[in-house]
1. Give me, ordered by chain and number, the residues 5 or more places off R232 or on other chains with an amide H under 5 Å from its own placed amide H.
2. Of the residues E69, E370, E27, which exhibits the maximal mean-square fluctuation in a Gaussian network model of the chain defined by a 10 Å Cα contact cut-off?
3. Between the stretch 352-420 and the stretch 2-19, what's the alpha-carbon centroid distance in Å?
4. So what is the relative contact order of the chain, in percent, for Cα pairs below 8 Å that sit 6 or more residues apart?
5. Classify the stretch 277-419 as rounded, prolate or oblate from the Cα gyration tensor: take a ≥ b ≥ c as the square roots of its eigenvalues, call it rounded if a/c is under 1.5, otherwise prolate when a/b beats b/c and oblate if not.
6. Pick out which of I294, I108, I167 has the largest mean-square fluctuation in a Gaussian network model of the chain, springs linking Cα atoms closer than 10 Å.
7. Distances longer than 24 Å among the Cα atoms of the stretch 40-273: what percent of all pairs is that?
8. Scan around L113 for amide H atoms under 5 Å from its own, H built in the peptide plane at 1.01 Å from N, and keep only partners 5 or more places away or cross-chain.
Amino acid sequence: MKYLKKTDPQIYKAILNETKRQNDKLELIASENFTSREILEAISSVMTNKYAEGYPGKRWYGGCEFVDEAERLCIERAKKLFRAEHANVQPHSGSQANMAVFFAALNIGDTVLAMDLRSGGHLSHGYRLNFSGKYFHVVPYGLSRKTEMLDYDEILALAKEYKPKMILAGGSAYPRTIDFKKFRRICDEVGAYLLVDMAHIAGLVATGLHPSPVPLAEFVTTTTHKTLRGPRSGVILCKRKFAKRIDTAVFPGIQGGPFMHTIAAKAVCFKMALEASFKRYQKQVLVNAKELAIALSEKGYRIVSQGTDTHLLLVDLTGKNLTGKDAASVLDRANITVNKNLIPFDKKSAFLTSGLRLGTPALTTRGMKETEMRKIATLIDDILKKPRDQKTLASVKESVKRLAGKFPLYKDILKELKRV
């Protein structure tokens, strides 16, 4: 970054400090990961200079022959990875992918059945301040009080009552396997489209470690970071018969020129996800999540739904005399990064919450395994038992530093840090 260092030392320093933060802290946010240097190189390439409104071979600008090549590769790799009939790789994010599907499949005011935000859904699944909640009639479904898992009989009953035009499956804080076949049967019974937002589990789906929604759903959306370990962006997969509607909804519907540097990076992401090593990585992500859940449970923390089938887990802090907000704050001071999260049937507000959401993709990328998960569970417990004890804070912070130091990130950038 020699040019940036000379021209804008403030931004240069901010980037170096962020690199140091990522290296020195233990990243347990379930929606984050550390992408590869290859992907970083692609996303910082000269392809950022190119305007390319339209689609490969049908652009509104000249000079698109090489960005066309990159986008075609990205599309074909996405289709191969997920065994999809059609892929649109232009959405800038998962939320914009969802928006495009809503506008392609529905009319303003149509009814959608989707997971409630307080049960693990996402803002773009019907939150009142989001486009989905403002322009569509979204009926929420929740979880069973007994199991804290999806109750498919209740979802069917709601579908029969409200006759939605589309049912949305998937969420941002649901730790259990989703039965897409049951969602398909419910949709067929009421004549609804099925949209699956698999943003969190896409890496697991790609490697066959979670059932795939692609053969069953009319529309599937995903981000490309999280478990996929690519750049922050979005993708839509759909049946061939919906291809034109989806492509038109993306451009010119909700976006102008696509980010060609990001599409190039997504192509690299999909290529790497097709390699055998990626499945080994995903298997370790699952092992680590289960180990972390077991270790915390043994220390007296209640794990929502009694465990996890995926990369994430929800920790119930009820009875620990801590809100999720306070717990996340004190853990951050000890260099353990998590996020506060609502738990099913939470009595606290979304600002405070009664829980924490933890995920293992990022730490698994660094090479951590079961032994490290148990150490991390102990460090979390040490802090949360004595959240105001400065001696404990200092001790845990030092332990985090030693642990993180064994699994360094972006070593060449770290060398630059030492010179600054």
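1. Residues meeting the criterion, in which the H sits 1.01 Å from N, do not exist here.
2. E69
3. 25
4. Result for the chain is 22 percent.
5. Oblate shape, in that a/c is at least 1.5 and b/c is the bigger or equal ratio.
6. In the Gaussian network model the winner is I108.
7. The answer is 42 percent, as a whole percent.
8. When sequence neighbours closer than 5 places are left aside, the close amide H contacts are V139, M166, I167, L168.
All of the numbers you see were taken from the coordinates with simple rules; none came from a lab. Fair warning: this is a prediction, and the values are worked out from it, not measured in the lab. As a convention, Cβ positions derive from the backbone with ideal geometry for all residues, glycine included, and neighbour counts pool all protein chains shown.
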